[in-house]
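Report on the following structure.
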Amino acid sequence: MYALIDCNNFYASCERVFNPSLMGKPVVVLSNNDGCVIARSNEAKKLGIPMGAPAYQYEAVFERRGVGVFSANFPLYGDMSRRVMSILSSYSPQQEIYSIDECFLDFSGMSIDFREYGLKMRAHVEKWTGIPISIGIAPTKALAKAANRIAKKFPGRTDGCHVIDTEEKRIKALKWLDIEDVWGIGRRNAAKLRAIGVRKAWDFVNLSPSWVQKYMTVTGLSLQKELNGIPSIPMELPEKRQSIAITRTFDADKGDVEEIRERIVTFTSMCAEKLRFQQSLCRKVMVFLETNRFKGKEMQYNPSILVRLPFATDSTLELAKFAVGGLKQIYKEQFLYKRAGVILMDFEDADRYQPSLFLNSNPKHKLLMEKMDAINRKYHKDVVRLGVQDFTRHQMRQEHLSRQYTTNIRDILVVEI
DNA sequence: TCTGGGGTCCTAGGACCC
DNA sequence: TCTGGGGTCCTAGGACCC
């Protein structure tokens, strides 16, 4: 059996833990630049605020209905996630952390009362972190996902834990679950399936496997097996990332090359730090620019370039140089840009790297980067940085930012009695 | 005025090899 | 006129996830 555990309205719940006056009130969390809604408490959902809603269109609603509005506070959410995951990991020898607010647990070989076990986990996480979770338990990962949805959405359910452990329960679940809500069925596939009369997960499992393979590739086929109770999607053990990206929407449209170059260098530097943290070297850097897609009348230009490095490296200095080289090839001064990004890809392990006979990363950078990372970790992010980086010119809009209650001693909560 | 960010996997088609 | 067959690797783009 597998469990899929996820945190309810995770970001909104994190804000509530440290601000109990928000209990029972609508809460929303906004994306970077306070752009759009990326998390909503149940009360906010009931007000009809949709996922992804542009914040400026809902300001009146926020005001009128007393909605607690927060700028995204990722250091806080990341730390709360680590706490929740750590507690859950004690319930199984194998945990797959699937996203910031979700994980799978492998219960293979355990013969216990799964429902009781789930309720225990739930109480434990709630008591130690204040975060409410929902739990689905079933013979495959895809069915565990479905069970989780039942725990959360099935009319009348309130205990947050559902177990699919009999054939009747499996069939009942599949007959209830809409096809677009099946894990792994996206918009495109849902439309394809609807067109041939598939409305429920149950209809999907009754399609012929050859049809599924032909129109939905092997991915669809293993999903179908999973829903039929045959495990086909293995647990993923923690591994190094295969790509690392930093992309940002700017606070305004920008045309100045110097300014964009500064952003590209800063993004590259952030990527490089993550790259060194997972002890990888990188062979390719992708740089992209985007014009403002909401200005439909204006000519759009969304170039990207893949720069192949002559050697593998994790040096911020070298990566930044190649990224800027890429930028110069795609930048055109007649456009204003709203978004840009840097993606590192094609990694190899730093400790297994075989240097080339001719051209290699500058060996002096290794120590330099080590010291830079150590100082930045000890004191403050970006105390040591490249000369071209200039944070003063790029202030992200964060008008509703909560404190870093759990990761910054200056922000620790003070309780007055 | 104001509209997010970071990942993974699969496939078709081209380049290249013998 | 007629012009093979079977592989691998790489990449761009699409689909999906949260």
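In segment A:351-367, of all residues being in contact (Cβ under 8 Å) with a residue 40 or more places away in the chain, surrounded by fewer than 16 Cβ atoms within 10 Å (Cβ to Cβ) and in a helix (DSSP H, G or I), the one that is nearest to the chain's Cα centre (by Cα) corresponds to A:351. Taking residue A:50, is it farther than 16 Å from residue A:23 by Cα, out of contact with any helix residue (DSSP H, G or I) (no Cβ under 7 Å at 6 or more places or on another chain) and outside any helix (DSSP H, G or I)? Spelling it out, residue A:50 is indeed farther than 16 Å from residue A:23 by Cα, out of contact with any helix residue (DSSP H, G or I) (no Cβ under 7 Å at 6 or more places or on another chain) and outside any helix (DSSP H, G or I). Selection of first residues in segment A:323-346 that are within 16 Å of DNA strand C (Cβ to nearest atom) and of second residues that are part of a strand (DSSP E or B) and small (Gly, Ala, Ser), restricted to Cβ pairs under 8 Å at least 6 apart or on distinct chains, gives the following pairs, ordered by first then second residue: A:330/A:304; A:341/A:245; A:342/A:245; A:343/A:243; A:343/A:245; A:344/A:243; A:344/A:245; A:345/A:243.
Filter segment A:234-259 for residues that are among the polar types (S, T, N, Q) and not in a loop (DSSP other than H, G, I, E, B); which is farthest from DNA strand C (Cβ to nearest atom)? Restricting to residues being among the polar types (S, T, N, Q) and not in a loop (DSSP other than H, G, I, E, B), the top hit is A:249. Conditions: (1) buried (at least 21 other Cβ atoms within 10 Å of the Cβ); (2) modelled with pLDDT under 95. Residue A:44 meets all but one. Number of the miss? Looking at each condition in turn, residue A:44 falls short on (2). Counting residues in segment A:142-153 that are within 16 Å of DNA strand B (Cβ to nearest atom), closer than 19 Å to residue A:117 by Cβ and crowded, with 17+ Cβ neighbours inside 10 Å gives one or more. Kindly indicate whether residue A:320 is modelled with pLDDT of 95 or more, in contact with an Asp or Glu (Cβ under 7 Å, 6 or more places away or on another chain) and within 25 Å of residue A:384 (Cβ to Cβ). No, not satisfied.
In segment A:175-212, of all residues being over 30 Å from the mean Cα position of the chain (by Cα), of a type in the set (Gly, Ala, Ser) and in a loop (DSSP other than H, G, I, E, B), the one that is nearest to DNA strand C (Cβ to nearest atom) corresponds to A:197. If we scan segment A:127-149, do we find a residue that is in a helix (DSSP H, G or I), β-branched (Val, Ile, Thr), farther than 30 Å from residue A:110 by Cα and in contact (Cβ under 8 Å) with a residue 12 or more places away in the chain? So far as segment A:127-149 goes, no, none of its residues is in a helix (DSSP H, G or I), β-branched (Val, Ile, Thr), farther than 30 Å from residue A:110 by Cα and in contact (Cβ under 8 Å) with a residue 12 or more places away in the chain.
Taken together, A:412, A:417 contain a single residue that is exposed (fewer than 11 other Cβ atoms within 10 Å of the Cβ), without any contact (Cβ under 8 Å) to a residue 40 or more places away in the chain and of a type in the set (Val, Ile, Thr), which is A:417.
Considering only segment A:300-323, I want to know if a residue exists there that is more than 23 Å from residue A:241 (Cα to Cα) and of a type in the set (A, V, I, L, M, F, W, C). There is no residue in segment A:300-323 that is more than 23 Å from residue A:241 (Cα to Cα) and of a type in the set (A, V, I, L, M, F, W, C). In segment A:301-319, the residue that is nearest to DNA strand C (Cβ to nearest atom) out of those that are surrounded by 14 or more Cβ atoms within 10 Å (Cβ to Cβ), under 10 Å from residue A:285 (Cβ atoms) and under 25 Å from the mean Cα position of the chain (by Cα) is A:305. Of all residues in segment A:92-109, those that are in contact with a strand residue (DSSP E or B) (Cβ under 6 Å, 6 or more places away or on another chain) and either in a loop (DSSP other than H, G, I, E, B) or aliphatic (A, V, I, L, M) (or both) total 4.
Counting residues in segment A:190-213 that are more than 16 Å from DNA strand B (Cβ to nearest atom), surrounded by fewer than 21 Cβ atoms within 10 Å (Cβ to Cβ), closer than 30 Å to residue A:125 by Cα and of a type in the set (A, V, I, L, M, F, W, C) gives zero. Among the residues of segment A:217-237, some residue qualifies, meaning at least one is surrounded by fewer than 20 Cβ atoms within 10 Å (Cβ to Cβ), touching a residue at least 40 places away in the same chain (Cβ under 8 Å) and polar (S, T, N, Q). Among residues of segment A:56-77 that are assigned to a strand (DSSP E or B), those with a beta-carbon under 6 Å from a residue that is of a type in the set (Ser, Thr, Tyr) at least six positions away or on a different chain give the pairs A:70/A:402. From the residues in segment A:211-252 that are of a type in the set (Asp, Glu) and at pLDDT below 95, which one is farthest from residue A:316 (Cα to Cα)? Among residues in segment A:211-252 that are of a type in the set (Asp, Glu) and at pLDDT below 95, the one farthest from residue A:316 (Cα to Cα) is A:236.
Condition test on residue A:390, is it in contact (Cβ under 8 Å) with a residue 60 or more places away in the chain and under 20 Å from residue A:274 (Cβ atoms)? No; evaluated as a whole, the condition is false for this residue. Filtered by the rule that a residue be under 26 Å from residue A:159 (Cβ atoms), surrounded by fewer than 18 Cβ atoms within 10 Å (Cβ to Cβ) and in contact with a strand residue (DSSP E or B) (Cβ under 7 Å, 6 or more places away or on another chain), segment A:1-41 gives A:8, A:25.
The values are calculated or read from the model by the stated rules, or taken from the named source; none is laboratory data. A quick note: this is a predicted structure, and the numbers were derived from the prediction, not measured. Cβ: placed from backbone, ideal geometry, glycine included. Neighbour counts: every protein chain shown.
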